[in-house]
1. Scan region A:53-78 residue by residue and report those that are at pLDDT 95 or above and within 7 Å of another protein chain (Cβ to nearest Cβ).
2. Name the pairs whose Cβ atoms lie under 6 Å apart, with the first residue in region B:163-181 and on the phi < 0 side of the Ramachandran plot, the second assigned to a loop (DSSP other than H, G, I, E, B) and of a type in the set (Asp, Glu), and 6 or more positions between them or separate chains?
3. Within region B:72-85, how many residues are more than 17 Å from the chain's Cα centre (by Cα) and farther than 14 Å from B:ALA106 by Cα?
4. Show me the helices (runs of 4 or more DSSP H) entirely contained within region B:349-441 in which 3 or more residues are in contact (Cβ under 8 Å) with a residue 60 or more places away in the chain and crowded, with 23+ Cβ neighbours inside 10 Å.
5. Quick check on region A:35-52. Is at least one of its residues surrounded by 14 or more Cβ atoms within 10 Å (Cβ to Cβ), at the interface with another protein chain (Cβ under 7 Å from one of its Cβ atoms), in contact (Cβ under 8 Å) with a residue 24 or more places away in the chain and in contact with a helix residue (DSSP H, G or I) (Cβ under 6 Å, 6 or more places away or on another chain)?
6. Output yes when any residue across region B:227-246 is without any contact (Cβ under 8 Å) to a residue 60 or more places away in the chain, within 14 Å of chain A (Cβ to nearest Cβ) and farther than 22 Å from B:LEU405 by Cβ, and no when none is.
7. Here is a list: B:PRO351, B:PRO400, B:PRO437, B:PRO373. Which entry is within 21 Å of B:ARG247 (Cα to Cα) and away from chain A (no Cβ under 14 Å)?
8. Kindly indicate which of B:GLU339, B:GLU301, B:GLU325, B:GLU296 is more than 14 Å from chain A (Cβ to nearest Cβ), exposed (fewer than 15 other Cβ atoms within 10 Å of the Cβ) and under 30 Å from A:ALA34 (Cβ atoms).
Amino acid sequence: MPRAPFFHQLRLAVSRWLAPRGGEAAGIAVPELAQVPQTPEEIDAAAAAAGIVIPEACAPGVAANLALLASHAERMRGGGA
Amino acid sequence: MKSVAEIARAVRSGECSAMQVLEECLAGIKAQAAPLIAVTRLLEDRAREEAGRIDAMIGNGVDPGPLAGVPYGVKDLFDVAGLPTTAGSVIYAEAPPAAADAEAVARLRDAGAVLVATLNMDEFAYGFATINAAHGTTRNPHDPSRLAGGSSGGSAALVAAGLLPLSLGSDTNGSIRVPASLTGIYGLKPTHADLPLAGVFPFAESFDDAGPFTASVADMRLVWEVLSGRSAVLSGAAPRVARLGGRFRENADPDQLAAIDATAPDAPLIELPDIARARSAAFLITAFEGGNLHREALAREAMAFDPATRDRLIAGALLPRALYEEAQAFRAEYRARIEALVADFDVLLAPATPCVAPLVEDPRITIDGKLVPARADLGIHTQPISFTGLPSLAVPLYRPGVLPLGLQLIGRPHGEADLFRFAAQLEEQGIIGSGPPPVAV
């Protein structure tokens, strides 16, 4: 995971601090940053949740666009994508 | 085609009738517009009714308004009473007709303007190219083998060709400024949400704006005053100008940089921080909002979408909401940072597009030494400005006989009047200005 710049890290730290307490103490992991679905399984699950059946002809294009969006998510977080 | 101001003056004074102006305009469009693939619907009946009403007002001694008899067109996503609003998609070709005009259309109508046509666009405004599977690819009047840019390409092409003096477009990440730059005319992205959006088919509401295309600064100012309902009060003080450096100077045409440096040689060079991060966050917000707007239709009939937008919209609909909220949080913090950084300036100078219009046959451009799709990347310099919500006026470098290129004059929030004043100075100096297309359409 690339190191997020200061303001972004600060915001995430604040939101975690404001979240209901007890999770870490109870052994519950702090939620990870949201990720763009990229594997076929992740894409299928996200499509099912959205109520969309991805046409076969669209599958490669959707996967390519999600990969591009994943690179944008990484760059937004300060990564070098 | 005369200017907006000239037509309105002639009609108001009785020098010519609105109907004469309209018939001349319709004849020009019928004779010359077809190769541009810019018009989706010619609204002859409505236009004649509006022109007749203007002439009747003149006959009765009533002033029809500051845009009396001015013909104009709108991007295919503005509501026009009695017509389906298609947003460039066959999915809405048979939609119920709009009950009323979009608010921007109503304001132009009430000022005396005459709506003549609806104009081509990328489906749902998702692209910088105006490559539309249903209507075709809009051509650049300066070279029909090249793109006009998008997504408001039809609106830009008709003004650049001299077939309309005014048109309306929408700009989410650069969809007015990109085609304005590539076709050599003026295009305004206002302060975010400052011009009326009621009755405009949305794309990504966080960034959507409506704005005009014209062939001069004076016309732009006049139309902005009508649309905003305000006067562009020009202060006497010299504008405080800065040049945007960093990313904005890395992918730019040498002529753009030379013009910026010649225009304001002593202006400070300032760098907006985290431009690449901002553009990526804009991509994510746009994809999420666009995808979710069309989620139900994608679930119902994905294959009816334009192949050029379908996969992008589906991908956007699959993004997790938490990522979207993260991007929005970054945006809020970023906007505050940028507004503080540029608070001491009235005008920021930057390129509008990284290059001249790409070829229709090979719609790619070079960014950072790599060939990338023009459809997604022509907005490299406009998208970060949309992210800030600041107003930005695209102005054409005056270079007749050469493919057009534009600059952005970026202002403070609600600082449009400063942009008009500075642009007028550049126009007087001959640095910017619209030239006629060198290639007959």
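1. Once the filter is applied, which keeps residues that are at pLDDT 95 or above and within 7 Å of another protein chain (Cβ to nearest Cβ), region A:53-78 yields A:ILE54, A:PRO55, A:CYS58, A:GLY61, A:VAL62, A:ASN65, A:LEU66, A:LEU69, A:HIS72, A:ALA73, A:ARG75, A:MET76.
2. B:THR172/B:ASP208
3. Number of matching residues: 3.
4. By residue number, B:383-388, B:416-428.
5. Yes: one or more hits.
6. No, every residue in region B:227-246 fails to be without any contact (Cβ under 8 Å) to a residue 60 or more places away in the chain, within 14 Å of chain A (Cβ to nearest Cβ) and farther than 22 Å from B:LEU405 by Cβ.
7. Matching residue, one of B:PRO351, B:PRO400, B:PRO437, B:PRO373: B:PRO351.
8. Going through B:GLU339, B:GLU301, B:GLU325, B:GLU296 in turn, just one is more than 14 Å from chain A (Cβ to nearest Cβ), exposed (fewer than 15 other Cβ atoms within 10 Å of the Cβ) and under 30 Å from A:ALA34 (Cβ atoms): B:GLU339.
The values are calculated or read from the model by the stated rules, or taken from the named source; none is laboratory data. Because the structure is predicted, anything quoted here is derived from the model rather than measured. All Cβ positions, glycine included, derive from the backbone under ideal geometry; neighbour counts span all protein chains shown.
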